[in-house]
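Please treat every number below as a calculation from the coordinates, not as lab data. These numbers come from a predicted model, not from an experiment. Counting neighbours? That spans all protein chains shown, and the Cβs are built from the backbone with ideal geometry, glycine included.
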Amino acid sequence: MLMFSGLVYDLLLYVKLQLPTLWEYNRRSMLNLVLTLVQTGVHRRIFSSDTGRPLPCTIPSKGINYTLKTSQEFADYHRLLPLVGRYKAVATAPGYRSKTTSIWLEEAATTVDFILDPEVTPEGNLLRSACES
């Protein structure tokens, strides 16, 4: 067993030493792959309607069984999806009313901004999100 782990270590060390060379040979292909992936799916940002500021929240996508979380600072998101299809996305944040939209993807990426309205109590007071500072 000890000899086997030494072989694995040697192999990993070899691969680590070869990474700069492999990157140089394949850089253009890898960057093209990333560019292709970024140009598919759905992306954009979520805003609060009362302050206009980015609003961190979650976006569950129906039919995919995956919940996307936006970034804390900019409230942006990006979700890779198969090229063609119809999807339903729901943006939710504590203290705000959820918004649902249907997304029809064809061959290019789709941008979808969400603008969420704050929830109001029966007394007319705004509920504040724990995400807002």
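Seen from Leu81, the other residues with C-beta closer than 15 Å to its C-beta sum to a net charge of +3, counting Lys and Arg as +1 and Asp and Glu as -1. Relative to 2.2 N^0.38 Å, what does the C-alpha radius of gyration of the range 9-116 come to as a ratio? Two decimals please. Relative to the 2.2 N^0.38 Å estimate, the range 9-116 comes out at 1.42. Computed over the alpha-carbon pairs of the range 56-116, the distance histogram in 5 Å steps reads 4, 17, 30, 28, 14, 6, 1, 0 percent, short to long.
Listed by chain and number, the lysines whose C-alpha is less than 20 Å from the C-alpha of Lys69, apart from same-chain residues fewer than 8 away, are Lys88, Lys99.
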